[in-house]
Amino acid sequence: MTLPLTDLRAAQPANYWLRNARIPLACLDATAASLPPIAELAAPPRSEALVAVHLRVQAGAIAALAPVTADSTDDPDDGLPRYDLGQGLLWPCFADCHTHLDKGQTWLRSPNPDGTFGSALEAAAADHRHWSAADLYPRMAFGLRCSYAHGTQAVRTHLDCLDGQEKISFAVFDRLRQEWADRLTLQAVSLVSMDYYDRPEAEDLADTVAHYGGILGGVIYPQPGLEGQIDRAFALAEARGLDLDFHADESLNPEAEGLRIVAETKLRRGFAGRVNCGHCCSLSMQTGDRVQDTLALLKTAGVSVVSLPMCNLYLQDRQQGRMPRYRGVTLLPELRQFEVAVALASDNCRDAFFAYGDHDMVEVFTQSVRIGQLDRPVGDWPQAVTRTPAQIMGLDTGIIGVGRPADLVVFKARNVGELLSRPQSDRVVIRRGLAIDTTLPDYAELDAVVGIN
């Protein structure tokens, strides 16, 4: 007998079938290479590469992927519960490789009055006076609870680290990492202005990052001595076996080429670690030949890029009473054409840099497809919120295949068009084969923390 999916959470069986699912071809590993996409959906104008499957879960892992065919209407006689997805989409859980948990949920306490990037910097700096462990812990935990409920399994957060803040923030992060170890993989990146690497304190920062198993980072924008500062960051990371993750060129200045300097530095030093750059907005303002040259450098150097379309669209080219002319979103299709690993992420949530957001990678994907016109076809863009950010984080997750953990997100939407048209608040999240509680935390829980009476 086939059961409705709504029964899965109550029953919590160890072994069962998810029947009549549709999985994006881009979300399947080599064990499912022989499964053909649905012909009528793959053909233009739909151009959606979806595979129709029955998926068996056993002891928290994916035990089988069977094609749905015209002669496979009979249920297997194995006595296992069978839950009908009704052709609903089945995705792997998400990875969110660029967030700011330490800033999250501070908008009401330290708002950005005009929505500009400059005002965001001022508001965030002013909010630092509140950043004790007692303030950071509940706000960061709140963000993680949102991520988990929405179906994310890995999160990388940047942590502001000026004036000794790293000692507090990394300690809070480490506590959360231990508490969430059975549910989320957490990583942390140090965030300082690049001129910090001219100071002797940079050694202590790198040691702190290494102590907590973090990633070394910084904010790159045009300033005197930038090339030397980037080189010093590479040297400190190299000496400690750390990866690097930079905020790069978060402006509409076509002369901002930190991204290019990072790629050149990685090649010159023969740096063996992972290097990722976020934002890269200035790339969208540069001339064609210069862009092509930079993209070729990124490919050769193996530098990955994470784009934050919602935050960049919110901040860039903002002037009161004037419609923005420029989007501030980096060149997503062009990066993919050069085979540069490119991910999408949530970035800031309800703080001075972005007044909205909920750590929901479905919203990130939906808005990114609309903003970047990543459809017709969507192709393998689903990897940008699953497999690719996981790889950027050094993880082998975000993909569906036999033998892999049953970490899945189930949607009623039967195709990408339906997925992108509604919020998908009724999704079912499965972790290690068990359906989790997807209730989101109440904003009122933070009222006392952020000073709301």
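The values are calculated or read from the model by the stated rules, or taken from the named source; none is laboratory data. Being a predicted model, the structure only gives us computed values, none of them experimental. Cβ placement follows ideal geometry from the backbone for every residue including glycine, while neighbour counts extend to all protein chains displayed. These accessible areas exclude ligands, DNA and RNA; they are computed on the full protein's heavy atoms, side chains included. Shrake-Rupley method; radii C 1.70, N 1.55, O 1.52, S 1.80 Å.
Descriptive notes on the structure:
- Peptides 358-371, 110-123, ordered by how many other C-beta atoms sit within 10 Å of their residues on average, highest first, read 358-371, 110-123.
- Sequence of R327, R431, R240 when ordered by accessible area, the most exposed leading, probe 1.4 angstrom: R327, R240, R431
- Under 5 Å from the amide H of R156 lie the amide H atoms of D96, C97, H98, T99, Q187, each residue being 5 or more positions distant or on a separate chain, with H modelled from the backbone and absent for Pro and chain starts.
- Comparing segment 194-349 with the 2.2 N^0.38 Å rule of thumb, its C-alpha radius of gyration ratio is 1.04 (two decimals).
- Tail fraction, Cα-Cα pairs, the chain, threshold 38 Å, whole percent: 24 percent
- Global size of segment 114-190: 13.5, 41 Å for Rg and Dmax (C-alpha atoms, Rg to one decimal, Dmax whole).
- Distance-filtered residues of segment 317-346 - backbone nitrogen under 12 Å, label point 7 angstrom along K299 Cα→Cβ: 334-341
- Partner lysines whose Cα lies under 16 Å from the Cα of K299, excluding those fewer than 8 positions away in the same chain, are identified as K266.
- Rolling a 1.4 Å probe over the protein chains gives L440 an accessible area of about 80 Å².
- Cα-based shape type of segment 296-440, given that a ≥ b ≥ c are square roots of the gyration tensor eigenvalues and the cut on a/c is 1.5: oblate
- Axis of helix 133-150 versus longest Cα principal axis of the chain: the two differ by about 30°, to the nearest ten degrees.
- Tilt relative to the chain, helix 226-240 - C-alpha long axis, 0 to 90 degrees, to 10: 60 degrees
- Per residue value of the accessible surface for the chain (all protein chains in place, 1.4 Å probe), Å²: 40 Å²
- For the pair Q12 and D114, a Förster radius of 41 Å applied to the C-beta separation gives a FRET efficiency near 0.25, rounded to the nearest 0.05.
- The distance between label points at E418 and K167 comes to 5.6 nm (points 7 Å beyond Cα on the Cα→Cβ vector).
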